[in-house]
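Report on one structure; see the data block that follows.
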Amino acid sequence: MNLQQDLFKPLMAAYSRGEPLRNDQLYKSLSIDKVIPEGALLERVPTGKDRALHNPVTRKIRWAQHSLRALGLLEKVPGERGVWRSTAKARGELTPAPRRTVLLGFSTKLGLALWGDCADVFKGFNEPIHCCLTSPPYCIDRPRAYGGIAESLYVDFICRAMEPIVKNLVAGGTIALNITQDVFLKGLPARSLTPERVVIALHEKLGLYKVDSLVWSNASKAPGPIAWASKERVLLNTGYEPIYIFSNDPSRMFASNQRVLQPHTERHLKLIAKGGENRTGVYGDGANKIYPGSFGAPTEGRIPRNVLQFGGRCHSQTEVRRFAKEQGLPVHGATFPLALAKFLIEYLTRPGDTMVDNFAGWFTGPLAAELTGRRWLASERMLQYVEGARRRFMGFAGYSDAHLLPEWES
C-alpha cells in the first residue's frame, strides 16, 4: 500500500469532528501523531517539468485529500484556501433532498426510486395509483436520525403527504399506513389519541374509508414503553403496531384474500379428506351452527386473520445493513420486514398494478412490488437511504443508475 492510501485513515481521523482544518494544522497534527516521519516536512525535491522544489509528503497528503473528496468524504470549505472538512456522509449524517428538486436514485423496468421530498415528488404526479404502502416518520418524543414530527403537527403532516396520492388513487384503490401507537401523554401511562385522529382526519379531509386495522404482531419488538412497562410496571410491553387499510371506494376494492391464502392445518386437511363434520352443533346464542359436511369443501388454503405475525428482522434487511456498513452509509433505524410488505402488496394489488411509497426508507415496499410483478414509484428524502437501497435492486431487469429527471423538477 502506498503512502497516499496509508494516509486515508489518519486524515479521516483528523477531520472526524467535522470542524474546518487548515492544511498547516493538518500537517502539524500528522507530524505529532508520527503518521509522517520526523523532519519529512522539511524535505524539498525537484518536481514536474519545471523541476520546482516541493515537499513530497505534503503533495501526497493533498492527493489523498482529493481522493477522499472524490469518495464524498472530504470537502473544501468554500472561500477558504487550504481549508478542508469532513462531509455529512463521512460523519454518518443524513443528507435531505433540497426542496423543489427531485433526482432519480435508480430505476428498474418496473419502477423508479426518487431522491426528493414527497411533497415535491407527488405534486406533479398524475398517473393512476392502485395502492400506497408506506410507513411515515413516527410521532415520537425523541426523533430518529431521519427526523420526527411533533405530535401537534402530525395529523396535518400525514394529510398533506397523502393528499396528492389520494387524488390519483383509482376507484377501489387502497392505502396501507403503518404508524406507531406508542405515543404517550406527557408524564402519564396513557396513550395519545393521535393515531385515531389521523384515521378520522383521512376520512373527513380526504374522503377515505377505514377498511381494516391490521395488527402487525412482532415477537422480536424491543421491550417498551420503558418508563411505564419496565420501570413503573403499570403497562404491558407493546407487541404490535397497527397497519390501517383505507380505500376511496370500498364497494369497488380489488383487494383479495385469495391471493394470500395460507396452508391448511393438518387437522383441517384431515377434516376435508373425510368430507367435513359428521355432527350438528349450535354455539353461543345460535349465531354459529355446524351441520354434517361443514368445512368439508376442498379449498386452496385458509383465509388469513387480520393479526399478522412477522418478525422485525429478515435476511433482506440484514443484507442491506451489511452493505450500508461496508459503504460507510448510516443504518436505517426503523425497517419493515420484506415478508410483511410482500403479503400486503399481494393482498391489496394485482400483478401489473402500480404501488407507491412516499416514505420509502430502504425501499422494502418497492422491493416487494418488484418481486411480485407490480409497477412502483417511491420517494425518499434522505440520500444515504437511497444509496443503501440501490444494492437491493441491482439484479433486476432494466436496472439503471442515477441521473437527473428535469421533468420532475417543481
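Quick note: the coordinates plus some simple rules give every number you see, no bench work behind them. Just so it is clear, the structure is predicted and the values come from calculations on it, not from any experiment. Don't worry about glycine lacking a Cβ; one is built from the backbone with ideal geometry, like all the others, and counts go over all protein chains shown.
Computed from Cα positions, the angle between helix 23-32 and the longest principal axis of the chain comes to roughly 90 degrees.
Once both labels are positioned 7 Å from their Cα atoms along Cα-to-Cβ, the gap between Lys274 and Leu235 label points is 4.8 nm.
Summarising the label geometry, the points placed 7 Å from Cα in the beta-carbon direction at Lys205 and Ser67 lie 5.2 nm from one another. Taking a point 7 Å out from the Cα of Ser16 in the direction of its Cβ, the residues of segment 53-89 whose backbone N falls within less than 18 Å of it are 73-75, 85-89. Per residue, the convex hull around the alpha carbon atoms of the chain comes to 227 Å³.
Going through the cross-link list Lys9/Lys325; Lys34/Lys76; Lys109/Lys205; Lys109/Lys342, which pairs have a Cα-Cα distance over 28 Å in this structure? If you can, show how the numbers build up before the last one.
Values: Lys9/Lys325 16 Å; Lys34/Lys76 25 Å; Lys109/Lys205 35 Å; Lys109/Lys342 19 Å.
Violating the 28 Å limit, Cα to Cα: Lys109/Lys205.
In debye to the nearest 20, how big a dipole does the chain give about its Cα centre with +1 on each Lys and Arg Cβ and -1 on each Asp and Glu Cβ?
Numbers: 54 positive and 39 negative charges, 177 e Å.
For this selection, approximately 860 debye.
Electrostatic bookkeeping for Leu41 treats Lys and Arg as +1 and Asp and Glu as -1; over the other residues with beta carbon under 14 Å from its beta carbon, the sum is +2. Taking other C-beta atoms within 10 Å as the exposure proxy, Met382, Met253 rank Met253, Met382 from fewest upward.
If each residue's Cβ is checked for other Cβ atoms within 10 Å, how do Leu112, Leu103 rank with the fewest at the top? The partial results should precede the final answer.
On the way: Leu112 21, Leu103 18.
Arranged by neighbour count, lowest to highest, Leu112, Leu103 become Leu103, Leu112.
Annotation: for a label point projected 7 angstrom from Cα along Cα→Cβ of Asn306, residues of segment 257-279 with backbone N closer than 20 Å are 257-262. Using the Cβ-Cβ distance between His264 and Lys123 with R0 set to 41 Å, the FRET efficiency works out to roughly 0.30. Its alpha carbons give segment 3-86 an Rg and a Dmax of 12.9, 39 Å. The helix-based estimate of mean residue ellipticity at 222 nm for the chain, built from -39,500 (n - 2.57) per DSSP H run of four or more residues and divided by its residue count, is -8500 deg cm²/dmol to the nearest 500.
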